[in-house]
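Enquirer: For reference, the structure I am asking about is given below.
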Amino acid sequence: MKLALVSDPDTENGIAGIKYVLDAQGTGSKRIGYIASQPDPARGYYLASQTMYSTLGDKLDCFLDLEEGFNDACLKQLLACDAIHLSGGDTYRFLKWLKFRELLPVLHQYVTDGGALIGVSAGAMIMTPSIDTAILCGDTNQVGLKDLSGLSLVPFHFVPHVSLTEKTSALASELAALSAELSQVYFCGDNTSLVIIDGELVEFGQPFPWVMNEIKRT
């Protein structure tokens, strides 16, 4: 299993985490697929991500819109990539459409079969047991999503964009009031990412684990 949970890809440690998981996929240029969290007609975020991957020597050339123009041919092309990028954006809307397209089990199988998954902000939260933490990022459930369960690829929850001046204990208390299920949480500033390679966790930057998880840390 090869996973990267990134707060902000436009930072040193964000890029380092992405590079680390791609290097784990072997030598040579990798082909990356991109799932948009919501319609992006101008493909601004996609093009920015394309430039970022190009600087790493890899190629982002597959775009999947869950709401407009979705088809099986695009999905097949996506699943043939070495890695899939789950974009940032509205976490509730993103998860709603992933569920509507029945893609959670598909992505889970993709990872099981050796594909790498790179989640940025909202995309990273979706990789965890649930998106209960999205409320701390300012997201609101405007789409009426009732089932907040995510991919459960990791045993902890993820909170991106945490300022170093914020008290994680206060944030943790707020989360605990929301759900009793949030027993393991990583608070990550923008210049922070987490990578998991076959059960081993590698930290880039200074993440704040609220409760130490059981994955081996390096």
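The values are calculated or read from the model by the stated rules, or taken from the named source; none is laboratory data. If you're wondering where the values come from, they're calculated on a predicted model, not measured in any experiment. Counting neighbours? That spans all protein chains shown, and the Cβs are built from the backbone with ideal geometry, glycine included. Areas reflect the complete protein model, heavy atoms only, side chains present, ligands, DNA and RNA absent. Shrake-Rupley method; radii C 1.70, N 1.55, O 1.52, S 1.80 Å.
Enquirer: Per 0.36 nm of contour for each residue apart, how much would the distance between LYS99 and VAL143 grow if the chain were fully extended, relative to their Cα-Cα spacing?
Expert: 14.6 nm
Enquirer: Sort out the exposed loop trypsin sites (Lys or Arg not before Pro) in the chain (DSSP loop, at most 12 other Cβ within 10 Å) and tell me the longest stretch that has none. Could the numbers behind the result be given before it?
Expert: Values: sites that count: LYS146, LYS167.
Answer - 1-145.
Enquirer: Counting only heavy atoms of the protein chains, get the accessible area per residue of the chain (1.4 Å probe) and round it to a whole Å² value.
Expert: 45
Enquirer: Ratio to report: Rg/Rh of segment 1-85, with Cα atoms as the point set and Rh obtained by the Kirkwood method; give two decimals.
Expert: So for segment 1-85, dividing Rg by the Kirkwood Rh gives 0.95.
Enquirer: How high is the relative contact order of the chain, in percent, counting Cα pairs under 8 Å that sit 6 or more residues apart?
Expert: On the way: 459 pairs, mean separation 55.8, N = 218.
Relative contact order for the chain comes out at 26 percent.
Enquirer: While we're here: Check each of the GluC sites (Glu not before Pro) in segment 16-112 and keep only those in coil by DSSP with at most 10 other C-beta atoms within 10 angstrom; list them in order.
Expert: GLU68, GLU102
Enquirer: Have a look at SER193, SER130, SER152 and tell me which one the Gaussian network model of the chain (Cα, springs below 10 Å) gives the largest fluctuation.
Expert: So, out of SER193, SER130, SER152, the one fluctuating most is SER152.
Enquirer: If I compute solvent accessible area with a 1.4 Å probe over the protein chains, what percent of it on segment 16-72 is carbon and sulfur?
Expert: Of the solvent-accessible surface of segment 16-72, carbon and sulfur hold 50 percent.
Enquirer: To the nearest 500 deg cm²/dmol, what mean residue ellipticity at 222 nm is calculated for the chain from DSSP H runs of n ≥ 4 alone, each contributing -39,500 (n - 2.57), summed and divided by the residues?
Expert: Working: 7 runs with 67 residues, N = 218.
Helix contribution divided over all residues of the chain: -9000 deg cm²/dmol.
Enquirer: Something else about it: What FRET efficiency, computed as 1/(1 + (r/R0)^6) with R0 = 30 Å and r the Cβ-Cβ distance, is obtained for ARG43 and ILE135, rounded to the nearest 0.05? Please report the intermediate quantities before stating the final value.
Expert: Details: r = 28 Å, r/R0 = 0.95.
Using R0 = 30 Å, I get an efficiency of 0.60.
Enquirer: A further question on this structure: Name the aspartates and glutamates eligible as straight-distance cross-link partners of LYS146: C-alpha to C-alpha under 12 Å, and not fewer than 8 places from it in the same chain.
Expert: Here the aspartates and glutamates satisfying the reach criterion relative to LYS146 are ASP132.
Enquirer: Taking H placed 1.01 Å from N in the peptide plane, check which residues at least 5 places from ALA116 or on another chain put their amide H under 5 Å from its amide H.
Expert: Amide H neighbours of ALA116, under 5 Å, 5+ apart: ALA83, ILE84.
Enquirer: Here's something else I'd like to know. Would you please state which residues of segment 67-81 a label at SER29 would reach in this model, taking the label point 7 Å out along Cα→Cβ and a backbone N cut-off of under 20 Å?
Expert: 77-81
Enquirer: Could you point to the label whose value was computed as Rg/Rh (Cα atoms, Kirkwood Rh) for the structure here, given (i) 0.94; (ii) 0.96; (iii) 1.11?
Expert: Of the labelled values, this structure produces (i).
Enquirer: Still on this structure, please answer the following. Please list, or write none, the aspartates and glutamates whose alpha carbon is within less than 13 Å of the alpha carbon of LYS59, excluding same-chain residues fewer than 8 places away.
Expert: ASP82
Enquirer: For segment 75-132, what's the relative contact order in percent, using C-alpha pairs closer than 8 Å and at least 6 residues apart?
Expert: For segment 75-132, the relative contact order is 51 percent.
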